[in-house]
Amino acid sequence: MAKTTELERFVSPIPPQQGPLPVENVESQTIGPLKIKSGVWLDERGKQMLAVDVTNESSVPIRGYLLTTSFFRSRHWARIRRVSTKQLEIHGNPSDYLAPGSTWVAGPRKFSYLPDGTLASYKISVDLVVFADGSTFGPKKSQESDEVLGMFDGIDAANRMRQEVSVNR
């Protein structure tokens with residue numbers, strides 16, 4: 001078994017059969033090529049966590065995506081905090097891309113709570129989707145979108161170097 005790198009723990013998707021799937025207050029929305037299902041998942045201590053799974057609704061494989069989740073005070077829609085979720089295939093292996101109709105699960109996120117102890121409202125948006133052909137979808141408002149694109153540039157460069165070394169042997 002290969003050693004898990006820090007990058008893999010940070011951005012790699014989880015197979016649905018191993019991941020934290022939403023089980024309570026489940027919501028579903030489709031944004032561009034992604035069908036996003038979210039809701040409450042209970043961790044091993046019974047703490048409510050936000051679970052998200054994403055299905056590729058397009059006809060093209062996806063290399064990765066960046067979602068942002070904003071938590072709000074319901075009454076005033078004042079944002080409490082924002083978190084990002086990056087899910088990438090980090091080895092440049094096309095067979096591991098998010099195939100059409102397939103699902104990736106994100107690591108669970110802590111919910112924000114209102115002063116009365118109830119869960120804050122949240123909204124998930126798509127900032128960036130990177131397809132297998134290099135095309136993209138999304139507004140790319142976040143600096144993290146540039147980071148994701150840079151990660152793919154690095155992955156592709158490392159793979160090209162490995163291929164050159166193996167050809168020159």
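The values are calculated or read from the model by the stated rules, or taken from the named source; none is laboratory data. These numbers were taken from a predicted model, which means no experiment stands behind them. Methodologically, a virtual Cβ is constructed for each residue, glycine included, from the backbone with ideal geometry; neighbour enumeration extends over all protein chains shown.
Quick rundown of the values:
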{"quantity": "Which listed residue, of Val11, Val54, is within 20 Å of Ser145 (Cβ to Cβ), at pLDDT below 95 and buried (at least 18 other Cβ atoms within 10 Å of the Cβ)", "calculated": "Val11"}
{"quantity": "The stretch 111-137, residues that are acidic (Asp, Glu) and either touching a Cys at 6+ places or on another chain (Cβ under 6 Å) or buried (at least 17 other Cβ atoms within 10 Å of the Cβ) (or both)", "calculated": "Asp127"}
{"quantity": "Count of residues meeting criterion [surrounded by 17 or more Cβ atoms within 10 Å (Cβ to Cβ) and either among the aromatic types (Phe, Trp, Tyr) or more than 15 Å from the chain's Cα centre (by Cα) (or both)] in the stretch 81-110", "calculated": "3"}
{"quantity": "Close pairs from the stretch 125-136: first on the phi < 0 side of the Ramachandran plot and of a type in the set (Val, Ile, Thr), partner assigned to a loop (DSSP other than H, G, I, E, B) and surrounded by fewer than 15 Cβ atoms within 10 Å (Cβ to Cβ), Cβ under 7 Å, at least 6 apart", "calculated": "Val126/Gly32; Val129/Gly32"}
{"quantity": "Every residue from the stretch 22-56 that is closer than 21 Å to Tyr97 by Cα and among the basic types (Lys, Arg)", "calculated": "Lys35, Lys37"}
{"quantity": "Residue check, Lys140 surrounded by 13 or more Cβ atoms within 10 Å (Cβ to Cβ), touching a helix residue (DSSP H, G or I) at 6+ places or on another chain (Cβ under 9 Å) and among the charged types (D, E, K, R)", "calculated": "yes"}
{"quantity": "Where a residue in the stretch 97-118 is closer than 25 Å to Thr30 by Cβ and its partner, wherever it lies, is assigned to a loop (DSSP other than H, G, I, E, B) and of a type in the set (Val, Ile, Thr), with Cβ under 8 Å and at least six apart", "calculated": "Pro100/Val60"}
